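Okay, so here's the structure we're looking at.
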Amino acid sequence: MWLVFDVDGTLIDVGESYDMAVKLTVEYLLEELGKPSEVEIELVRELRRKGVFGDDFKLSEALVRAVFSGLNDWEQIPEGVGVEYFRRNFPLGIDPGHVERVFNTFYLGELYEDRLFDFEGLWRLEKPLVDVELLREAGERFKLGVVTGRNRLEMELAERIIGFRFPKVVTRESGLKPDPELLRCLVGGEEGVYIGDTAGDELFIENYRKKYGDFGFLMVGRDVENANEAIKMFLEEVKRGP
């Protein structure tokens, strides 16, 4: 059986890294566009939870479009929408490649060769949300894997912070959630559970089920308090036996 994990918000606390990088990216781009504005970090987190963006470049672009257009009632944004919704409803000339470069400057800092300016890199502020000893114990009883929107470098940074190297990992180079092929590539049709923390993660598994059959899903913050609780639950089931 597989235990497959999302990374950000599930295994790694990104509140001071990815969330902050989105906030700073949006504010940087708004200033470039001649409409400087402060963006509350809670707005970043709310949109991340309710939307399906695949990566934070798209989340940043969505926020720039909405804030620039003067959106005040964020409740009108439907759940499960992605960047295409914002492109249709908040037209604005934005180069996605420039958004990516700004974001990577803030997040990766000196590790990013194409950075726009010198910056230390917010990834350094990340903290593990999972007990590495629990992961090691789970690795003795289950097949462990990750499907993440991070690229290979960012995943290596996450593994360094956690102190654990996952046997199988699918990163952004292979595609973005909610594409079910990513999970199929990892587990090869075998049974398991995906542990994530967003509506996008849940849609990812719904898409997989429609095409390939049942696969479990646990949402951190709804079904379990955190990844540790989920791992303990499965370990206890194994110990109890059939």
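The values are calculated or read from the model by the stated rules, or taken from the named source; none is laboratory data. What you see is a predicted model, and the numbers here were worked out from it, not measured in a lab. As a convention, Cβ positions derive from the backbone with ideal geometry for all residues, glycine included, and neighbour counts pool all protein chains shown. What goes into the accessible areas is simple: the full protein's heavy atoms, side chains included, and nothing from ligands, DNA or RNA. Shrake-Rupley method; radii C 1.70, N 1.55, O 1.52, S 1.80 Å.
List every residue pair whose Cβ atoms sit under 6 Å apart, with the two residues 6 or more apart in sequence or on different chains, where the first one lies in segment 115-133 and is touching a residue at least 40 places away in the same chain (Cβ under 8 Å) and the second, anywhere, is open to solvent by 80 Å² or more (accessible area, probe 1.4 Å). Going by the 6 Å Cβ cut-off, the qualifying pairs are L125/E16. Residues in segment 190-201 that are modelled with pLDDT of 95 or more and buried (at least 17 other Cβ atoms within 10 Å of the Cβ): 5 in all. Scan segment 20-46 for residues that are open to solvent by 30 Å² or more (accessible area, probe 1.4 Å) and under 14 Å from N104 (Cβ atoms) and the total you get is 3.
The set of residues in segment 22-75 being aromatic (F, W, Y) and either assigned to a loop (DSSP other than H, G, I, E, B) or under 25 Å from D6 (Cα atoms) (or both) consists of F53, F57. Just one residue in the set R184, R101 is assigned to a helix (DSSP H, G or I), closer than 22 Å to L3 by Cβ and modelled with pLDDT of 95 or more; that residue is R184. The set of residues from segment 128-145 being charged (D, E, K, R) and either within 14 Å of A227 (Cα to Cα) or touching a Phe, Trp or Tyr at 6+ places or on another chain (Cβ under 6 Å) (or both) comprises D131, E133, R136, E137, K143.
Taken over segment 128-181, the criterion of being basic (K, R) and either open to solvent by 50 Å² or more (accessible area, probe 1.4 Å) or part of a helix (DSSP H, G or I) (or both) is satisfied by R136, R141, K143, R152, R160, R165, K168, R172.
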